[in-house]
Amino acid sequence: MDQDNNSKDDSVGQAENETQPPFPLGLSDSEAVEVLWQVRTQRRQTEPDLPDTVTRLTTPEGSVVYLVGTAHFSDSSKKDVATTIRAVQPDVVVVELCQYRVSMLKMDEKTLLKEAKDINLEKVQQAIKQNGVMSGLMQILLLKVSAHITEQLGMAPGGEFREAFKEAGKVPFCKFHLGDRPIPVTFKRAIAALSLWQKARLAWGLCFLSDPISKEDVEKCKQKDLLEQTMSEMIGEFPALHRTIVAERDIYLTHTLRQAARCVEAPPNAEKVPAVVVGVVGMGHVPGIERNWDKELNIHEIMSVAPPSRFGWVVRSVLKGAMWGLLGYACFRASKGVGRALLSLPTVQSLLENIRTPSV
């Protein structure tokens, strides 16, 4: 799928005033552009000393991608991201976010911490509206996992992405891409891959997640992202779910990184030159991106949601009321009043009424 349709390609502008050298007076626009380009070129290190969490990938055209593997709740990862961007002065920064999660880039840590803990009726309704009932509820339950980690650590997720956004804004001509597959597609494909019984078992496990997590655990997870490790441990018996949540997104992230690594135009003559890209992704995605880097990828295949079979529709019609009841109770346990609010929704009440009323 075209990069322009699936990832936000926003130029984050020139460096802040205090990071730029003074310009001679009387420069034309084209001359100013050339000076800024030269400044960035001078700052760019050809053989940078980067953290161990950085993997270097190349393209046939000579472009270089510095892939920073992070833990989503790690101060150390934020430092790794800042160090890498400052050293290589990239043309493009790509982060493991989609347009549905872009708001976290501009929220402060205090607001994000509150949002992660506060799973309320409005969030439930929004998730259901975007993704459908089953996928929406599963999204809420996965948010509960993130909120559990947030509460344990007192640290909001996505700090490394906000750090990438801030540092990219200090690099002249650097663009900022959202590189992840849209979250509604991921959840719809994940739900479609599971049977009703598997959905129930997964929801139950997510809702009763309570194991304590320390900051030391987070840093150990620099070898594998904490949130995805927690999920992997819970969904290990569901290979199809792991494929949709992790492996397919590895493919999508590889695609967006390769798109970002296309040659760029250098002033003053718009000459095509190899690009320098920094990718910021969870550590759990790094091995998959490396495996897929030189492969031919089919993005259309992982963007579609197969329609349910007739048998599956019949089974789902019979058992959906019970399933919703289970998920509603699970949400109630996970978020107190959310379960009761969910069961009060007109759509749910209507379905339950139809189930209780015998056919004539």
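The values are calculated or read from the model by the stated rules, or taken from the named source; none is laboratory data. None of the values given here were measured: they were computed from a predicted structure. So basically every Cβ, Gly included, is an ideal-geometry build from the backbone, and we count neighbours across all protein chains shown. These accessible areas exclude ligands, DNA and RNA; they are computed on the full protein's heavy atoms, side chains included. Shrake-Rupley method; radii C 1.70, N 1.55, O 1.52, S 1.80 Å.
Annotation: residue 196 carries an accessible surface of approximately 30 Å², with a 1.4 Å probe and no ligand, DNA or RNA atoms counted. Solvent-accessible area of residue 108, all protein chains in place: 80 Å² (probe radius 1.4 Å, heavy atoms, ligands and nucleic acids excluded).
Just how many % of Cα pairs in region 242-284 lie over 12 Å apart, if you round to the nearest whole percent?
Values: 609 of 903 pairs.
When every Cα pair of region 242-284 is considered, 67 percent fall beyond 12 Å.
Below 13 angstrom from the Cβ of residue 56, what's the summed charge of the other residues (Lys, Arg +1; Asp, Glu -1)? Counting the neighbours of residue 56, the net charge comes to -4. Scanning residues 5 or more positions from residue 94 or on other chains, those with amide H under 5 Å from its amide H are 177, 278, 279, 280, with H placed 1.01 Å from N in the peptide plane.
Karplus-based coupling profile of region 89-98, in residue order and whole Hz: 6, x, 7, 9, 10, 10, 10, 7, 9, 10, with θ = phi - 60° in 6.51 cos²θ - 1.76 cosθ + 1.60 and x standing for Gly or Pro.
Phi-derived couplings, Karplus 6.51 cos²θ - 1.76 cosθ + 1.60 at θ = phi - 60°, listed residue by residue for region 269-284: 10, 6, 5, 6, 10, x, 8, 10, 10, 10, x, 10, 9, x, 4, x Hz, with x used for Gly and Pro. Could you tell me whether region 50-91 comes out rounded, prolate or oblate from its Cα gyration tensor? Rule is a ≥ b ≥ c as square roots of the eigenvalues, rounded for a/c under 1.5, then prolate if a/b exceeds b/c, otherwise oblate. Prolate. Across region 155-165, coupling constants 3J(HN,Hα) worked out from phi with the 6.51/-1.76/1.60 Karplus curve, θ = phi - 60°, read 9, 7, x, x, x, 5, 6, 5, 5, 5, 4 Hz, and Gly and Pro carry x. Stretching the chain fully between residue 273 and residue 45 yields a gain of 80.4 nm (0.36 nm per residue, less the alpha carbon separation).
When all protein chains stay in place and ligands, DNA and RNA are ignored, the 1.4 Å accessible-area order of 155, 107, largest first, is 107, 155.
Students sometimes get this wrong: rank 110, 170 by accessible area, probe 1.4 Å, all chains present, largest first. Write down the numbers at each step before the final one.
On the way: 110 170, 170 50 Å².
The most accessible residue leads, giving 110, 170.
Amide H to amide H distances under 5 Å link residue 264 with 273, 275, where only residues 5 or more positions off or on other chains count and H is placed in the peptide plane. The length gained on full extension between residue 100 and residue 265, counted as 0.36 nm times the residue separation minus their Cα-Cα distance, comes to 56.4 nm.
Go ahead and run the numbers for FRET between residue 107 and residue 27, Cβ-Cβ distance against an R0 of 41 Å, rounding to 0.05. Show your work: numbers first, answer last.
On the way: r = 37 Å, r/R0 = 0.91.
Approximately 0.65, to the nearest 0.05.
Spin-label pair residue 79-residue 297: with each label point 7 Å from Cα along the Cα-Cβ axis, the two points sit 3.1 nm from one another.
Using a probe of 1.4 Å on the protein chains alone, the accessible area found for residue 195 is around 50 Å².
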